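Only the coordinates and a few stated rules stand behind these numbers; no lab work does. What you see is a predicted model, and the numbers here were worked out from it, not measured in a lab. All Cβ positions, glycine included, derive from the backbone under ideal geometry; neighbour counts span all protein chains shown.
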């Protein structure tokens, strides 16, 4: 008789919005109250991300179902979540990172000051090789694969240098996540410079990419983790010209005072978005 396979419980992430903001101590106390009652419902709240000024908390837990997770909050402190979504643990880790957690359960900001809380905001970048299908048709599979390997090498070197996390390979590009918006923009510029340098070494068929970036929170309008942010970054990437980096206004705002240069593009219309989006082009030079 085959041994029974125990299925892991689903993983959920929720968002709480507290008007007027919230303190780290208040969130820590609420999390402790969750821990005191979660066993009754077969739930385990692992950790949370908190943006004190914005009054937003994102909790990650394992639970039999979403209602059980909500019931823990309801009984523990009455602060029920505005929204809860089911997430794949490995996908959440790719976006948010293998986070260090303090004794209260708060995720700490990587590279930040001691005990600085991570607000959960991430910047997502997409790269896209220009005319990748045409390159394959023109050069053949082997030569096109060599160009893809050049792209992958340059992008991954830049991610390593700027603390980016590769989320997935899209076939003709890479999606990556960053804690720092400024690091994401610097990474994008390094990718363009690296490919420009490689183009000088093999001028016959240079690898050219367009890059798009957007920043946001893990639980937004859709039902996927960072769903709206991913969609916007992908659309901005598609909107970009070859060798151009286009980012959302949120990314540009997060980079104020970081010594980075942007050129406003005004409002751009993007597929899947009801309203035009303010976009900026990143100024970079080889």
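Couple of notes before you dig in:
- All positions within segment 226-245 that are crowded, with 24+ Cβ neighbours inside 10 Å and closer than 13 Å to residue 124 by Cβ: 226, 229, 232, 233, 236, 237
- Each residue in segment 247-283 was checked for being part of a loop (DSSP other than H, G, I, E, B) and touching a residue at least 40 places away in the same chain (Cβ under 8 Å), and 5 pass.
- Screening residue 223 with (1) in contact with a helix residue (DSSP H, G or I) (Cβ under 8 Å, 6 or more places away or on another chain); (2) surrounded by fewer than 21 Cβ atoms within 10 Å (Cβ to Cβ); (3) assigned to a loop (DSSP other than H, G, I, E, B) gives one miss only, at (1).
- When 46, 31 are checked against the criterion of being in contact (Cβ under 8 Å) with a residue 40 or more places away in the chain, in a helix (DSSP H, G or I), within 20 Å of residue 109 (Cβ to Cβ) and out of contact with any helix residue (DSSP H, G or I) (no Cβ under 6 Å at 6 or more places or on another chain), a single residue qualifies: 31.
- Just one of the listed residues (105, 55, 21, 78) is at positive phi and free of Cβ contacts under 8 Å to residues at least 12 places away in the same chain, and it is 78.
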